[in-house]
Amino acid sequence: MAILRYNAHLVTGTGTGVSVGSAVSGNTLFIGGSKKKVADLSAHLVVLAETNTLTLTAKWQGSNDGSAWIDLAYNSVNGAATVLATGTAGADTAVTKSVPAPDGVYSHKFARCQVVVGVVTGTANDTYSIGYSYRQNT
């Protein structure tokens, strides 16, 4: 039996001072040890890129100890991360996307999704929300 979780473990914030190439992380999610606790994992992301030319990109990471993280490829050909939004000053339109976790996430004990800032440093006008939707195995 599985319990459906929607937009759980939510974290929100702004891009204030987040420099180019740096990321903000969603909460750490325990995938399971000897038994998989999570299935059909995706990140529920809501982002607003207000700073002109700023880009916000989603990426998944996995860990076996909850502290040393590695980036996960999106397919067997090492696909690129998903660009969520590009800043256009004054756009004021938030983007909501569901970004499925790559299959490699299930070979780790822990997972998290990150939003990476590109091109220019983020400001208070650039906002994010990272939550997880999944089936929790009981």
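The values are calculated or read from the model by the stated rules, or taken from the named source; none is laboratory data. No experiment lies behind these values; they were computed from the predicted model shown. So basically every Cβ, Gly included, is an ideal-geometry build from the backbone, and we count neighbours across all protein chains shown.
For segment 8-21, filtering for residues that are among the hydroxyl-bearing types (Ser, Thr, Tyr) and within 13 Å of the chain's Cα centre (by Cα) leaves 1. For segment 81-136, a residue qualifies if it is within 21 Å of residue 10 (Cβ to Cβ), over 17 Å from the mean Cα position of the chain (by Cα) and among the polar types (S, T, N, Q), and the qualifying residues are 93, 125, 136.
Looking only at residues of segment 98-138 that are charged (D, E, K, R) and part of a strand (DSSP E or B), we find that the one that is surrounded by the most Cβ atoms within 10 Å (Cβ to Cβ) is 112.
Yes/no per residue for (1) in contact (Cβ under 8 Å) with a residue 60 or more places away in the chain; (2) touching a helix residue (DSSP H, G or I) at 6+ places or on another chain (Cβ under 9 Å); (3) β-branched (Val, Ile, Thr); (4) part of a strand (DSSP E or B):
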{"residue": "9", "(1), (2), (3), (4)": "yes, no, no, yes"}
{"residue": "12", "(1), (2), (3), (4)": "yes, no, yes, yes"}
{"residue": "18", "(1), (2), (3), (4)": "yes, no, yes, no"}
{"residue": "45", "(1), (2), (3), (4)": "yes, no, no, yes"}
{"residue": "52", "(1), (2), (3), (4)": "yes, no, no, no"}
{"residue": "68", "(1), (2), (3), (4)": "no, no, no, no"}
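Being over 20 Å from residue 95 (Cβ atoms) and surrounded by 20 or more Cβ atoms within 10 Å (Cβ to Cβ) is a property that holds for residue 29.
I'd like to know if segment 94-106 contains one or more residues that are of a type in the set (Gly, Ala, Ser), within 30 Å of residue 138 (Cβ to Cβ) and in contact with a helix residue (DSSP H, G or I) (Cβ under 9 Å, 6 or more places away or on another chain).
To start, the set of residues in segment 94-106 that are of a type in the set (Gly, Ala, Ser) comprises 94, 98, 101, 104.
From what is left, the residues that are within 30 Å of residue 138 (Cβ to Cβ) are 98, 101, 104.
Right, trim to in contact with a helix residue (DSSP H, G or I) (Cβ under 9 Å, 6 or more places away or on another chain) and you get none.
No, segment 94-106 contains no residue that is of a type in the set (Gly, Ala, Ser), within 30 Å of residue 138 (Cβ to Cβ) and in contact with a helix residue (DSSP H, G or I) (Cβ under 9 Å, 6 or more places away or on another chain).
Scanning segment 93-114 turns up no residue that is touching a strand residue (DSSP E or B) at 6+ places or on another chain (Cβ under 9 Å), at positive phi and not basic (Lys, Arg). Is it true that some residue in segment 48-57 is at pLDDT 90 or above, under 27 Å from residue 137 (Cβ atoms) and of a type in the set (Asp, Glu)? No, every residue in segment 48-57 fails to be at pLDDT 90 or above, under 27 Å from residue 137 (Cβ atoms) and of a type in the set (Asp, Glu).
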